[in-house]
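K.L.:
First, the structure itself, so that you have it in front of you.
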Amino acid sequence: MVKNDGNGMPVAFVGGAHEYPTRGAYAAYVEYRKTGQAAAYFQFDQSGALADWIDANHGNVIIIAHSWGAEMAASVIAAGHDVCKLVTVDPVSWSRPDFQLVAEHARTWVDYNATGGQGFAWSNVIAGLGGAWSAARKPYVTSYAEIPVSHGQAICFVAPAGC
């Protein structure tokens, strides 16, 4: 698995519901900060703050977003906030951003679709109820990969420093 690191570029982690303060994208953010690289964390309901952060960095950023956070980040980008790289990790939502606009405003869009997990995994049930995107965005992304982990494990599987 190729990890998505910032190579010195600011990275924002965007978490889904119930990830702050100990799980998912927040845990990945905490581990990433230990590497000494610049990073920020946003929750799925902080779209205005994410847009401001992207603009303050002139779009020279990498966004790594999970679950409902991935939907929020994609929607912010679709609204015209250009980024160097968007990494969506098993996005879920009942509505969808305009995938074409996301692709136009993200220089690179890497997408991971979680397709596994050992036995019964509550996080997969929650993702299904939350409106898993499955492969719907596949025609629009720069790179698409299915990963053999549960929804809850997905962000730690692809995060630069794990969780």
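The values are calculated or read from the model by the stated rules, or taken from the named source; none is laboratory data. Quick caveat: nothing in here was measured; it's all calculated off a predicted structure. As a convention, Cβ positions derive from the backbone with ideal geometry for all residues, glycine included, and neighbour counts pool all protein chains shown.
K.L.:
Checking the structure you have, find out if any residue of segment 139-149 is within 21 Å of Ala17 (Cα to Cα) and either out of contact with any strand residue (DSSP E or B) (no Cβ under 7 Å at 6 or more places or on another chain) or at pLDDT below 90 (or both).
P.N.:
no
K.L.:
Report yes if some residue within segment 91-105 is touching a strand residue (DSSP E or B) at 6+ places or on another chain (Cβ under 6 Å), crowded, with 23+ Cβ neighbours inside 10 Å and modelled with pLDDT of 95 or more; otherwise report no.
P.N.:
Checked against the condition, which is being touching a strand residue (DSSP E or B) at 6+ places or on another chain (Cβ under 6 Å), crowded, with 23+ Cβ neighbours inside 10 Å and modelled with pLDDT of 95 or more, segment 91-105 yields no hits at all.
K.L.:
Given the criteria under 26 Å from Val125 (Cβ atoms), over 14 Å from the mean Cα position of the chain (by Cα) and surrounded by fewer than 15 Cβ atoms within 10 Å (Cβ to Cβ), does Thr35 qualify?
P.N.:
In short, no.
K.L.:
While we're here: From Ala39, Ala65, Ala56, Ala49, which residue is without any contact (Cβ under 8 Å) to a residue 60 or more places away in the chain and in contact with a Ser or Thr (Cβ under 6 Å, 6 or more places away or on another chain)?
P.N.:
Ala65
K.L.:
Tell me which residues, restricted to segment 10-25, are surrounded by fewer than 24 Cβ atoms within 10 Å (Cβ to Cβ) and on the phi > 0 side of the Ramachandran plot.
P.N.:
Matches in segment 10-25: His18 only.
K.L.:
Moving on. Hey, among Gly119, Gly48, which residue is modelled with pLDDT under 95 and within 28 Å of Thr22 (Cβ to Cβ)?
P.N.:
Going through Gly119, Gly48 in turn, the sole match is Gly119.
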